[in-house]
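Presented below is the structure to which this report refers.
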């Protein structure tokens with residue numbers, strides 16, 4: 001019986017998925033991109049609709065041969081690269097390299113969690129490679145190349161050799177320069193805070209910050225003014241005029257998007273994304289083998305699948321009790337153009 005070929009990006013992901021699919025499937029890794037714009041020239045036809053010219057990456061030729069050999073005998077070919085623009089483009093490049101003879105066998109698998117349930121559900125509903133997402137990735141790649149190849153030499157000529165420009169890098173540098181200019185224009189101003197520790201006949205002691213004097217906001221600008229205010233306070237009597245008790249409700253935070261994950265981790269971005277990639281692709285757990293522990297981490301969507309919501313609510317109810325489960329699950333509004341992965 002001919003095996004179905006499943007193509008993913010990394011060996012770790014291939015190992016995890018292979019465990020779920022069994023003997024009738026062969027899971028291979030592309031090791032990321034298999035084609036790119038050439039290193040030695042622009043690779044973009046500016047006068048012909050900005051058409052890019054791709055070539056096989058030298059280090060991927062062996063991988064591509066293995067994929068082509070496996071595709072010859074495969075009954076079906078499933079492209080299961082990551083569920084984002086970059087993954088869609090990788091899948092498209094792989095499909096192009098496999099040739100026209102295999103196109104009818106190629107289907108796209110989309111899942112944002114590497115679990116047995118998620119992978120099998122994707123196999124039940126295969127789709128097609130989304131050419132619009134591929135076009136979006138190509139537009140970004142072409143812009144990267146045009147900005148880098150066209151502006152960097154100008155910087156070398158006009159400013160200093162070794163400088164580089166980039167589609168994102170140059171804009172980020174502009175923001176940093178604008179902020180630095182604001183800092184340079186800032187005129188520092190001395191100010192003082194006055195806090196008193198007060199104690200009555202009954203505990204506890206508490207700290208009170210001086211905010212107003214005779215009903216007006218007070219501003220203490222130097223030590224002389226601070227000393228004068230302190231002298232007045234030492235002669236003053238105090239009383240607790242009122243005590244206000246408020247109940248504060250704090251909503252559960254939405255699922256992480258990429259930027260929030262990076263902020264919360266407080267690691268360098270590269271380290272954060274490396275750890276997240278490992279958690280997504282599968283971690284070896286005793287008695288279970290490789291298991292994907294988080295959903296896809298490169299996303300700006302907070303959507304959670306209905307199946308995952310149900311499982312989480314059941315777990316919380318069993319572990320902590322029904323009081324900790326809201327009547328309805330929380331849903332968060334996503335941006336109109338959010339990349340749902």
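The values are calculated or read from the model by the stated rules, or taken from the named source; none is laboratory data. Because the structure is a prediction, the values reported are computed rather than measured. Neighbour counts are summed over all protein chains in view; Cβ atoms, including those assigned to glycine, are modelled from backbone coordinates with ideal geometry.
Considering only region 208-237, state which residues are more than 14 Å from residue 197 (Cα to Cα) and part of a helix (DSSP H, G or I). Steps first, please.
Quick first cut of region 208-237, residues more than 14 Å from residue 197 (Cα to Cα) only: 211-229, 231-232, 235.
Listed by number, the residues that qualify are 223, 224, 225, 226, 227, 228, 229, 231, 232, 235.
Rundown of residues vs (1) closer than 30 Å to residue 208 by Cα; (2) part of a helix (DSSP H, G or I); (3) touching a helix residue (DSSP H, G or I) at 6+ places or on another chain (Cβ under 7 Å), yes/no style:
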{"position": "239", "(1), (2), (3)": "yes, no, no"}
{"position": "255", "(1), (2), (3)": "no, no, no"}
{"position": "280", "(1), (2), (3)": "no, yes, no"}
{"position": "298", "(1), (2), (3)": "no, no, yes"}
{"position": "308", "(1), (2), (3)": "no, yes, no"}
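Filter region 52-76 down to residues that are assigned to a loop (DSSP other than H, G, I, E, B) and either within 22 Å of residue 119 (Cβ to Cβ) or in the same structural domain as residue 299 (by TED's automatic domain parsing) (or both), then give me how many there are. Outline the logic, then answer.
Kept after step one, since they are assigned to a loop (DSSP other than H, G, I, E, B), are these residues of region 52-76: 53-54, 57, 74-76.
Now narrow it down to the ones that are either within 22 Å of residue 119 (Cβ to Cβ) or in the same structural domain as residue 299 (by TED's automatic domain parsing) (or both): 74-76.
Of the residues in region 52-76, 3 are assigned to a loop (DSSP other than H, G, I, E, B) and either within 22 Å of residue 119 (Cβ to Cβ) or in the same structural domain as residue 299 (by TED's automatic domain parsing) (or both).
Within region 88-121, track down each residue that is more than 23 Å from the chain's Cα centre (by Cα) and under 18 Å from residue 21 (Cβ atoms). Even if it seems obvious, please write down each step before you answer.
Looking only at region 88-121, we keep the residues that are more than 23 Å from the chain's Cα centre (by Cα), and these are 93-107, 116-117, 120-121.
Within region 88-121, 105, 106, 107, 116, 117, 120, 121 meet the criteria.
If the requirement is being out of contact with any strand residue (DSSP E or B) (no Cβ under 8 Å at 6 or more places or on another chain), exposed (fewer than 15 other Cβ atoms within 10 Å of the Cβ) and within 27 Å of residue 84 (Cβ to Cβ), which of these qualifies: 169, 137?
Values: 137 fails: exposed (fewer than 15 other Cβ atoms within 10 Å of the Cβ).
Result: 169 is the single residue among 169, 137 that is out of contact with any strand residue (DSSP E or B) (no Cβ under 8 Å at 6 or more places or on another chain), exposed (fewer than 15 other Cβ atoms within 10 Å of the Cβ) and within 27 Å of residue 84 (Cβ to Cβ).
Could you tell me which residue of region 77-95 is surrounded by the fewest Cβ atoms within 10 Å (Cβ to Cβ), considering only residues that are at pLDDT 95 or above and outside any helix (DSSP H, G or I)?
Taking the candidates together, the pick is 77.
Looking at 49, 32, which one is farther than 19 Å from residue 296 by Cα and assigned to a loop (DSSP other than H, G, I, E, B)? Steps first, answer last, please.
On the way: 32 fails: farther than 19 Å from residue 296 by Cα.
49 is the lone residue from the list that is farther than 19 Å from residue 296 by Cα and assigned to a loop (DSSP other than H, G, I, E, B).
Among the numbered criteria (1) over 23 Å from residue 13 (Cβ atoms); (2) modelled with pLDDT of 90 or more; (3) part of a loop (DSSP other than H, G, I, E, B), which single criterion is violated by residue 263?
(3)
When region 191-213 is examined, which residues are found to be within 41 Å of the chain's Cα centre (by Cα) and surrounded by 10 or more Cβ atoms within 10 Å (Cβ to Cβ)?
Matches in region 191-213: 191 only.
Kindly establish whether residue 56 is in contact (Cβ under 8 Å) with a residue 24 or more places away in the chain, touching a helix residue (DSSP H, G or I) at 6+ places or on another chain (Cβ under 7 Å) and surrounded by fewer than 16 Cβ atoms within 10 Å (Cβ to Cβ).
Numbers: in contact (Cβ under 8 Å) with a residue 24 or more places away in the chain: yes; touching a helix residue (DSSP H, G or I) at 6+ places or on another chain (Cβ under 7 Å): yes; surrounded by fewer than 16 Cβ atoms within 10 Å (Cβ to Cβ): yes.
Considered against the rule, which asks whether it is in contact (Cβ under 8 Å) with a residue 24 or more places away in the chain, touching a helix residue (DSSP H, G or I) at 6+ places or on another chain (Cβ under 7 Å) and surrounded by fewer than 16 Cβ atoms within 10 Å (Cβ to Cβ), residue 56 comes out as yes.
What is the one condition in (1) crowded, with 18+ Cβ neighbours inside 10 Å; (2) in a helix (DSSP H, G or I); (3) touching a strand residue (DSSP E or B) at 6+ places or on another chain (Cβ under 8 Å) that residue 20 does not satisfy?
For residue 20, the exception is condition (3).
Output the qualifying pairs, or none if there are none: Cβ atoms under 7 angstrom, residues six or more apart or on different chains, first residue in region 312-338 and more than 17 Å from residue 255 (Cα to Cα), second residue modelled with pLDDT of 90 or more.
317/325; 324/316
Return the residue satisfying two criteria in turn: it lies in region 17-45 and is at positive phi and over 29 Å from the mean Cα position of the chain (by Cα), and of such residues it is modelled with the highest pLDDT.
Kept after step one, since they are at positive phi, are these residues of region 17-45: 22, 31-32, 43.
Still in the running and over 29 Å from the mean Cα position of the chain (by Cα): 22, 43.
Values: 22: 86, 43: 96.
Checked region 17-45; the qualifying residue modelled with the highest pLDDT is 43.
Please determine whether any residue of region 122-139 is more than 24 Å from the chain's Cα centre (by Cα), within 30 Å of residue 6 (Cβ to Cβ), in contact (Cβ under 8 Å) with a residue 40 or more places away in the chain and in a helix (DSSP H, G or I).
Of region 122-139, the ones more than 24 Å from the chain's Cα centre (by Cα) are 123-128.
From what's left, within 30 Å of residue 6 (Cβ to Cβ): 123-128.
Still in the running and in contact (Cβ under 8 Å) with a residue 40 or more places away in the chain: 123, 126.
Subset that is in a helix (DSSP H, G or I): 123.
So far as region 122-139 goes, yes, one or more of its residues are more than 24 Å from the chain's Cα centre (by Cα), within 30 Å of residue 6 (Cβ to Cβ), in contact (Cβ under 8 Å) with a residue 40 or more places away in the chain and in a helix (DSSP H, G or I).
Before we move on, is residue 288 loosely packed, with under 11 Cβ neighbours inside 10 Å, within 15 Å of residue 111 (Cα to Cα) and not assigned by TED's automatic domain parsing to the domain that holds residue 15? Working first, answer last.
Working: loosely packed, with under 11 Cβ neighbours inside 10 Å: yes; within 15 Å of residue 111 (Cα to Cα): no; not assigned by TED's automatic domain parsing to the domain that holds residue 15: yes.
In short, no.
Considering only region 63-113, how many residues are in contact with a strand residue (DSSP E or B) (Cβ under 8 Å, 6 or more places away or on another chain), in contact (Cβ under 8 Å) with a residue 60 or more places away in the chain and within 13 Å of residue 9 (Cα to Cα)?
9
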